[in-house]
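Bear in mind that the values in this text are calculations on the coordinates, not laboratory data. Please read all numbers here as calculations on a predicted model, not as lab measurements. Every residue, glycine among them, receives a Cβ derived from its backbone with ideal geometry; neighbour counts consider all protein chains shown.
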Amino acid sequence: MAIVKNVSRAVSQLLQSSGCGCGISTVPVRCIGVSPRQVASDASFHSVSFSESDHPRVLITGGLGQLGVGLAKLLRKRFGKNNVILSDIRKPADNIFYSGPFIYADILDYKNLREIVVNNRITWLFHYSALLSAVGEANVPLARAVNITGLHNVLDIAAEHNLRLFVPSTIGAFGPTSPRDPTPDLCIQRPRTIYGVSKVHAELMGEYYHYRYGLDFRCLRYPGVISADSQPGGGTTDYAVQIFHDAIKTGKFQCNLKPDTRLPMMYIDDCLKATLEVMEAPAEALSMRTYNISAMSFTPEELVQEVQKHVPELQVTFNVDEVRQAIADSWPMNFDDRNARRDWGWKHDYDLPELVATMFSFLG
Ligand SMILES: NC(=O)c1ccc[n+]([C@@H]2O[C@H](COP(=O)([O-])OP(=O)(O)OC[C@H]3O[C@@H](n4cnc5c(N)ncnc54)[C@H](O)[C@@H]3O)[C@@H](O)[C@H]2O)c1
Ligand SMILES: C[C@@H](O)[C@H](N)C(=O)O
């Protein structure tokens, strides 16, 4: 009976505690271990287990997708090649395999993931594994497993081993009842895709673990990301990458969204820069744990006009994919990222003309 009273007193203190959550590591409920995997009671609140002068030891999950290889490159430049381990369940191409440490890691295999974290003394984890919006709708059970069960494994391991954890969220975490122009950080979030639902779940679970167990959880809501040297993994914004390849290869592009569908977008370098910056930001600068980030917002029509400045002969037709269109129509048109700009100095480098010029100079 006494234990029950202590627990409920601790829980109510915890729920009443504001923003920073300092001192939560002493809350006795953590020792009792409500977490199925017994989060360690001595986990320090700001979970940096390396000294400030040391480099973090980094693991990237789902690293062979559109964003992971670029992130590994950026982090290796900053922290040293051998301090950044790229992982996935797919086989890496030769150039990736020989560019730095690569390891097999299935995020659904809790023990394997924990072993990797322990054996490699990981201190920072970037959790990129996911099924994106369009492929998620095509395979809901798999999306649920990877995006939700996988996240649970990652959260528990991160809390248990005192990791700083980055989980990307997305414009897809909003839905038709959210304000769309612009979409602020805090508003109604009722997405209608399994991808969006799993990302809202990730935001909430990460923040819950932060306040409850002191997990150093950091999250950015990415816009649609555009890159030249990596292919997107089955999202609604993929058209904005495909157009460049088709313009160069065939001079013909078939767009699967309506010409006036406005969505927030970002060049990959800005996206990865923001990711590193928020991970390096001092904890006291972060008034929130989940931030919108924004750079530009355009429609297929506007993108085509800009692309045609470089490839005037490009022929464009529209063949709307109903699933993707319905998703896009429920997403933000413009993203309000004032909090990121104020708290940790976020600033994008690429607008639409700069992005298009960069893509063409990269793709030749
Ligand atoms: N690319 C974008 O436009 C964008 C926008 C917003 C948010 N994000 C988020 O950023 C992250 C990275 O996105 P991306 O575009 O590189 O995704 P992607 O689809 O290109 O890559 C995801 C990777 O996850 C891997 N994966 C799938 N199941 C796995 C499992 N069981 N264990 C380990 N890995 C597994 C896949 O093999 C794949 O390489 C995702 O979480 C995504 O939601 C991306
Ligand atoms: C926006 C983002 O999360 C992804 N590119 C998708 O379209 O699903």
Exercise for review: Report the residue count in region 132-172 for those that are among the hydrophobic types (A, V, I, L, M, F, W, C), over 19 Å from L215 (Cβ atoms), under 16 Å from the mean Cα position of the chain (by Cα) and assigned to a helix (DSSP H, G or I).
Suggested key: 3
Check your understanding: Do we have any residue at all in region 124-147 that's away from ligand 2 (no atom under 16 Å from the Cβ) and of a type in the set (S, T, Y)?
Key -> no
**Study point:** Positions within region 118-143 being surrounded by fewer than 21 Cβ atoms within 10 Å (Cβ to Cβ), within 14 Å of ligand 1 (Cβ to nearest atom) and over 20 Å from P232 (Cα atoms), in sequence order
**Key:** P141
Review point. Would it be correct to say that K258 is out of contact with any Gly (no Cβ under 7 Å at 6 or more places or on another chain), within 21 Å of S133 (Cα to Cα) and away from ligand 1 (no atom under 16 Å from the Cβ)?
Key: yes
Point to revise | Qualifying residue in region 112-121 (condition: touching a Phe, Trp or Tyr at 6+ places or on another chain (Cβ under 7 Å) and of a type outside the set (S, T, N, Q)) | key: no
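Residue-wise test of (1) over 27 Å from L71 (Cβ atoms); (2) of a type in the set (A, V, I, L, M, F, W, C).
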residue: G175; (1), (2): yes, no
residue: D181; (1), (2): yes, no
residue: S198; (1), (2): no, no
residue: L220; (1), (2): no, yes
residue: I243; (1), (2): no, yes
residue: F253; (1), (2): yes, yes
residue: M266; (1), (2): no, yes
Practice item. Tell me, yes or no, whether region 293-301 has at least one residue that is away from ligand 1 (no atom under 16 Å from the Cβ) and assigned to a helix (DSSP H, G or I). Key: yes
Practice item. Give the number of residues within region 176-235 that are of a type in the set (A, V, I, L, M, F, W, C), assigned to a strand (DSSP E or B) and within 10 Å of ligand 1 (Cβ to nearest atom). Key: 3
Practice item. Please specify each residue of region 330-353 satisfying the condition of being exposed (fewer than 15 other Cβ atoms within 10 Å of the Cβ) and under 20 Å from E301 (Cβ atoms). Key: D351, P353
